[in-house]
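Comments concern the structure below.
The values are calculated or read from the model by the stated rules, or taken from the named source; none is laboratory data. Here the structure is a predicted model, which is why all the values come from computation and not from measurement. Ideal geometry is used to build each Cβ from the backbone, glycine not excepted, and the neighbour counts take in all protein chains shown. Protein only, heavy atoms only, side chains kept; ligands, DNA and RNA dropped before computing areas. Shrake-Rupley method; radii C 1.70, N 1.55, O 1.52, S 1.80 Å.
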Amino acid sequence: MTSLYEELKKYSESGIYPCHMPGHKRKDFGYFPAGFSSVDFTEAEGLDDLHDPSGIILDAQKKAASVLGADETFFLINGSTAGILAAVSACTGKGGRIILVRNCHRSAYNAIYLRDLVPSYIWPETVEGLSIADAAGTDEVRAALDAAPDAQAVLIVSPTYEGRLADIAGIAEAVHERGIPLIVDEAHGAHLSFAEGSPFDAIRNGADIAIQSVHKTLPAPTQTSVLSVKGDLVDREKLRRFLSIYQSSSPSYPFMAMIDGCIGYMAENAGLVPSLCDNFEKLLNRLEVCDKLIFRPSVTELKEGRADYGKLLICSGSSGLNGVQIAGILRKKYGIETEMACPGFVLAMFTVCDDTDGFDRVAEAIIDLDGSLEAHGADTADEDLTNGYPKVSGIMNLSDAIDSEKEDIPLERSAGRICGSLISMYPPGTPILVPGEEISEDARDFILNCISEGLNIKGIGDGRISVVKNG
Ligand SMILES: Cc1ncc(COP(=O)(O)O)c(C=O)c1O
């Protein structure tokens, strides 16, 4: 079967004159990558329609589904964000209840708002010695299902932003016992579909819907994602309707071609994921010479399947440096930009596109950095601010809080008030406070502390927080 890209090129070379959108008329203007416009189409005759596919797009999506082990796969041209909005909307009724892990992406909260849902949270354990939220455990999911028997769906994240993995099969079994669907936000795990026999590949291990950002861990451009569905617990027509609502009515053909191309490329290159695993393990082994910085996951954690290959947490250890400082040195002295830095660690990401030269460069930089540091005796890692986000309680419905009249007040004086907007640390963008929740003293102090550490807190402007008026 030809690729979508080949079909687009064929059309482009057919001599048909475009009296239709896009306005660039397939010409180059110097401010697009050369050749981009030649395959940037609209739904012209023969080019199919993402919102009602029956031709080349349907073929490409079917091919993707067969590679990914799904019944159906849908291309997402505005990221996993659209997929999460559509999945949550399709699996619930308006005003219904959803169980979700607290460290879900903001799109999950936006879906709750749009569908006026009632959330029941799973508060994941903190990872030992690391103070980041773990993936949801099966027992936690079972407890949440017992506490919320009217839940219509369960949404978990695996891998998490920091690479923690959930027991998909165990959780799927627990969720299916209640006859409801399991949605897995697998935005950080598109590569897992190509790790043969992986127990963490969501769709092949029992998820009803998995949403994967191909752009995050595979060779594909930003905004490209897929949503895959399996089994009969999801109303497919409803899912299609919501995908159509949340996705652009002018979907990008280059994006769709690159999703198709990326999945085809990964399927043809079965060695890529094993070689990422191999290189990542070798990196961890090499870093064992370091005696100030510490690294997670350990090789044991990888082998035991608690953490994903590719997410390296470079922790302060006894270096006397915090994560933000380590990231600064890696950038300025070694020309290495990392994914995220917080007081306790730096997150460096590796994908199937890192070759051995890339791994060597990072290993040499970290070893050199570690060698240049003075040991500071005891572990000097700051009290990590991601350490168990404060547990808060909702006292007002999320949608009502967003729609209510609000006022901005100084954060210092906000304890006891009802939060009016989503407050999150970015990256990864998971919430500290959700609209409708009480701003406890702990939550207020936590946010103040994050700000004083220079962390990027979304939802606070000039030290002021939006609260429900008279709330
Ligand atoms: C856990 C998680 N889910 C979903 C998303 C949204 O993905 P996208 O950027 O593809 O819309 C992100 C983005 O960072 C994320 O971290």
Residue-by-residue Karplus 3J(HN,Hα) for the stretch 60-77, coefficients 6.51, -1.76, 1.60, Hz, glycine and proline x: 5, 5, 5, 4, 4, 4, 5, 5, 8, x, 9, 6, 9, 10, 10, 7, 10, 9
Sequence-distant or interchain residues sharing an amide H contact under 5 Å with Leu433, placed H: which? Ile423
Can you tell me the relative contact order of the chain? Whole percent, Cα pairs under 8 Å, sequence separation 6 or more. 14 percent
What longest region of the chain stays clear of GluC sites (Glu not before Pro) that DSSP places outside H, G, I, E and B and that have at most 12 other Cβ atoms within 10 Å? 197-303
Among residues other than Gly371 whose Cβ falls under 12 Å from its Cβ, what is the net charge (Lys/Arg +1, Asp/Glu -1)? -4
Once amide H atoms are built 1.01 Å from N in the peptide plane, which residues 5 or more positions from Ser120, or in another chain, come under 5 Å H to H? Ile98, Ile99, Leu100
Carbon/sulfur accessible area of the chain, % of total, 1.4 Å probe, equals 49 percent
Could you go through the stretch 134-150 in sequence order and give the Karplus-derived ³J(HN,Hα) for each residue, using 6.51 cos²θ - 1.76 cosθ + 1.60 with θ = phi - 60°, rounded to whole Hz, and x for Gly and Pro? 7, 6, 5, x, 4, 5, 5, 5, 4, 5, 5, 5, 5, 6, 9, x, 8
Please return the longest range in the chain lying between exposed loop sites, taking trypsin sites (Lys or Arg not before Pro), DSSP loop only, at most 13 other beta-carbon atoms within 10 Å, and leaving the sites out. 95-332
May I ask you to give the solvent-accessible area per residue for the stretch 272-371, in square angstrom, as obtained with a 1.4 angstrom probe? 41 Å²
Where a ≥ b ≥ c are root eigenvalues of the Cα gyration tensor, a/c under 1.5 meaning rounded, otherwise prolate if a/b exceeds b/c and oblate otherwise, the chain counts as oblate
Too long for a 22 Å Cα-Cα cut-off, among Lys282/Lys311; Lys27/Lys62; Lys282/Lys303; Lys94/Lys238; Lys216/Lys311; Lys9/Lys63, are Lys27/Lys62
